[in-house]
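Chemist: Got a structure for you, written out below as structure tokens; questions coming shortly.
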Amino acid sequence: MLERFTWYKQSAFQWGGDGLMVYIDPWGVPDGSAPADVIFITHAHFDHFQPEEIERLRKAGTKLVAPADVARELSGDVTAVGPGDSLDVTGIDVRAVPAYNVREERQQMHPKANRWVGYVLELGGSTYYHAGDTDHAPELDAVRTDVAFLPIGGTYTMDAAEAGGLAKSIGPQLAVPMHFGFVVGSSGDADVFRHEADPVKVEVLTPVHPFERD
């Protein structure tokens with residue numbers, strides 16, 4: 001279920017197939033990469049919202065989906081979304097999911113009031129949940145998806161153990177760690193996540209860019 005995905009770094013992914021090229025939080029996308037049909041942005045932090053990369057990847061007709069504060073900074077075919085919204089984008093069934101911190105020491109980093117999001121996307125006949133930057137917020141236990149991309153780096157989001165708990169609550173067929181080994185967290189956090197998510201199957205993608213934090 002991951003064969004069409006490319007992981008660049010942090011939480012940046014590309015999915016290609018069925019005549020569509022989709023990017024989520026693009027950062028570190030190499031020059032010459034295929035232009036985007038759709039770009040999804042989860043929130044306003046620099047490691048998720050890179051205006052220069054968006055401009056480089058967009059073409060005539062590229063659709064952008066982002067929370068309201070990010071959408072205001074973009075031009076073109078832009079759709080602003082908030083938690084709980086459902087929409088169709090070029091045939092992709094999209095549901096925006098809350099993404100915020102619940103741990104007291106992190107609450108100012110991703111406040112619930114910002115209405116930032118993760119996304120559940122139906123791509124190629126499977127559903128994929130990209131959590132954005134979040135803790136294990138209570139609403140997320142209701143997410144149902146085939147694959148869950150979860151941040152595990154700690155400091156700004158769930159750490160590997162907390163993310164493992166969310167994976168078990170959601171119960172996807174496959175859980176994939178992200179948001180580690182670059183800005184925060186080490187590459188070894190994936191092993192902790194695998195242990196804590198058991199019995200959920202975990203697959204770790206190899207990023208295009210080498211890990212910066214081993």
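Chemist: What are the residues whose amide H is under 5 Å from the amide H of residue 89, where those residues sit 5 or more places off or on another chain and H is modelled from the backbone?
Modeler: For residue 89, the qualifying residues are 94.
Chemist: Normalise the Cα radius of gyration of the range 1-109 by 2.2 N^0.38 Å (N = residues in it) and let me know the number.
Modeler: 1.06
Chemist: Hey, got a sec? Which GluC sites (Glu not before Pro) in the range 18-83 land in a DSSP loop and have at most 13 other Cβ atoms within 10 Å?
Modeler: For GluC sites (Glu not before Pro) across the range 18-83 that sit outside H, G, I, E and B with at most 13 neighbouring Cβ atoms in 10 Å, the list reads 73.
Chemist: So, counting K/R as plus one and D/E as minus one, what does the shell of residues with Cβ under 10 Å around residue 77 add up to? Numbers along the way, then the final one.
Modeler: On the way: positive: 58, 63; negative: none.
Summing Lys and Arg as +1 and Asp and Glu as -1 gives +2.
Chemist: Further question on the same structure: Under the Kirkwood approximation applied to all pairs of distinct alpha-carbon atoms, what is the hydrodynamic radius of the range 5-197 in Å?
Modeler: For the range 5-197, the Kirkwood estimate is 16.4 Å.
Chemist: Give, as a single signed number, the net charge of other residues whose beta carbon lies under 10 Å from the beta carbon of residue 23, with Lys and Arg counted +1 and Asp and Glu -1.
Modeler: Result for the neighbourhood of residue 23: -2.
Chemist: Here is a further query. Can you compute 3J(HN,Hα) from phi for each residue in the range 146-161, using the Karplus curve 6.51 cos²θ - 1.76 cosθ + 1.60 with θ = phi - 60°, rounded to whole Hz and x for Gly and Pro?
Modeler: With the stated coefficients, the range 146-161 comes to 6, 10, 10, 8, 10, x, 10, x, x, 6, 9, 9, 3, 8, 4, 5 Hz.
Chemist: Just flag the trypsin sites (Lys or Arg not before Pro) in the range 25-127 sitting in loop per DSSP whose Cβ has no more than 14 other Cβ atoms within 10 Å.
Modeler: Details: sites: 56, 58, 59, 63, 72, 95, 103, 106, 112, 115; in loops: 58, 59, 72, 103, 115.
Those that pass, being in a loop and sparsely packed, are 59, 72, 103.
Chemist: Relative to the Cα centre, what is the charge dipole magnitude of the chain, using +1 at the beta carbon of each Lys and Arg, -1 at the beta carbon of each Asp and Glu, and rounding to the nearest 20 debye?
Modeler: On the way: 17 positive and 32 negative charges, 49 e Å.
The calculated dipole for the chain is roughly 240 debye.
Chemist: Amide H to amide H, which residues 5 or more places from residue 118 or on other chains are under 5 Å from it, using H placed in the peptide plane?
Modeler: 97, 99
Chemist: Still on this structure, I have one more. Just to check I understand the Karplus step: with θ = phi - 60° and J = 6.51 cos²θ - 1.76 cosθ + 1.60, what whole-Hz values come out for the range 129-138, glycine and proline as x?
Modeler: Taking θ as phi minus 60°, the curve returns 9, 9, 7, x, 9, 7, 8, 7, 6, x Hz for the range 129-138.
Chemist: What residues have an amide H closer than 5 Å to that of residue 123, excluding those fewer than 5 places away on the same chain, when H is modeled at 1.01 Å from N in the peptide plane?
Modeler: 128
Chemist: Taking the convex hull of the alpha carbon atoms in the range 81-160, what volume per residue do you get, in Å³?
Modeler: Working: hull volume 7.0 nm³, N = 80.
In the range 81-160, the Cα hull volume divided by residue count equals 87 Å³.
Chemist: I would also like to ask the following. R0 = 35 Å: FRET efficiency of residue 56 with residue 141, Cβ-based, nearest 0.05?
Modeler: 0.40
Chemist: Among residues other than residue 201 whose Cβ falls under 15 Å from its Cβ, what is the net charge (Lys/Arg +1, Asp/Glu -1)?
Modeler: Charge balance in the 15 Å sphere: -3.
The numbers here are math on the coordinates, done by the rules we state, and not lab data. These figures come from a predicted structure and were not determined experimentally. Here the Cβ is made from the backbone with ideal geometry for all residues, glycine too, and neighbour counts use every protein chain on show.
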